[in-house]
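Quick note: the coordinates plus some simple rules give every number you see, no bench work behind them. Bear in mind that the values here come from a model prediction, so they are computed numbers and not experimental data. Neighbour counts run over all protein chains shown; Cβ positions are idealised from the backbone, glycine included.
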DNA sequence: AACGCGGGGTG
DNA sequence: CACCCAGCGTT
């Protein structure tokens, strides 16, 4: 429909390129070892894939090493308290992933004897594993011949086919075109295509002279590949404003509490604050004290910009309920998202 | 099908 | 600044 009688993707050329130029990554089995029969550990592949959802390789590396050091197998991760997983995940974002990660580990141990399912369909039934992640694990670990389609591939394929509409409107056509190209070395092919997107066919640059599928690329033939993928119309980012209250007791400990079970930053740790709204509310201090305005923290979420006024005071802890007092030196061990680490820093802590 | 959901790297 | 990243679950 949207694809003009495309040239098939040259999988042998892609694999040959991968054999020489694969990125070395902590969770990856290099192609030479894979050829000798070394199989990737599904636990490590799964963990890396969940961390890599909407997250860059550079950001994931340290978290991956930390997690695999603390919890080398799915059994240790399943036995860990959810709170410990959230603490370690803090800073990586999209915290539903951490809750689903733990739930998935528990399910694999409880329902599958600690062995991950070996098909994309079986994997997709687990928490936090969707179309992309199930395909990626099945291909990389078990060479299931399934199309592995992520954001990198959206871009590579949109260029290869000079796709005239936003990717969302042609997703299944792209999937079918990719599926038709998947070779027996399905795992290496999937990783090769993603490496291609990350290192050659990058968002702002396209090093077409190095690309193994340049001969069939419609965008290169037409001129400038970087005009693809066509962007959908973008929504404006609204501003929300609010207050954050950093309370200290006479010992210098800071008052923390847990956010609600659902919504933004669910179940993570915070300092008390106001609602966030388009107009800045009047301050409403949660306890008596000599409140001082410490400054403003600006934090960009995907769908809005947040401006928080940061206040601090030494208070008498009357009427406070549900939270706890933390020593400033122990804040690293709290499940604090980056937003609230900025707030605490603005108030002079950590 | 559209939306909510973090944070950091990059140009 | 804007853009985008090895997406998923909910509605």
For this session: Considering only DSSP beta bridges where both residues belong to region A:239-346, give the percentage that are antiparallel (nearest 5).
Result: 65 percent
Exercise. Given 4 °C and 1.567 mPa s, how large is the Stokes-Einstein diffusion coefficient of region A:239-346 in µm²/s, with Rh as the Kirkwood radius over Cα pairs?
Worked result: 91 µm²/s
For this session: Under a 10 Å cutoff between Cα atoms, tell me which one of A:117, A:337, A:317 has the largest fluctuation in the Gaussian network model of chain A.
Result: A:317
Seminar exercise, completed: Check: C-alpha center region A:114-149 vs C-alpha center region A:215-269, spacing in Å is 27 Å
Exercise. In degrees between 0 and 90, to the nearest 10, how far off the longest principal axis of chain A does helix A:57-70 point, with axes built from Cα atoms?
Worked result: 70 degrees
Problem set entry | Amide N of region A:119-142 lying under 20 Å from the label point, which is placed 7 angstrom from the Cα of residue A:184 along Cα→Cβ | A:138-142
Problem set entry | Most mobile of A:175, A:240, A:97 in a GNM of chain A (Cα contacts under 10 Å) | A:240
Seminar exercise, completed: Per the rule of 0.36 nm per residue minus the C-alpha distance, extending residue A:36 to residue A:296 adds in nm 87.9 nm
For this session: Rank-order A:188-198, A:278-288, A:7-17 by packing density, defined as the average count of other C-beta atoms within 10 Å over each peptide's residues, highest first.
Result: A:188-198, A:7-17, A:278-288
Problem set entry | Share, in percent, of DSSP beta bridges within chain A that are antiparallel, nearest 5 | 65 percent
For this session: Take A:111, A:41, A:318 and order them by how many other Cβ atoms sit within 10 Å, fewest up front.
Result: A:318, A:111, A:41
Problem set entry | Ranking of A:129, A:300, A:137 by count of other Cβ atoms within 10 Å, fewest first | A:300, A:129, A:137
Exercise. If we count other beta carbons within 10 Å of each Cβ, what is the order of A:291, A:89, fewest first?
Worked result: A:291, A:89
Exercise. To the nearest 10 degrees, how steeply does helix A:131-142 sit against the main Cα axis of chain A, on a 0 to 90 scale?
Worked result: 60 degrees
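For chain A, count all C-alpha to C-alpha pairs, find those more than 30 Å apart, and express that count as a whole percent of the total. Walk me through the numbers before you get to the answer.
Numbers: 29816 of 61075 pairs.
Distances greater than 30 Å cover 49 percent of the Cα pairs.
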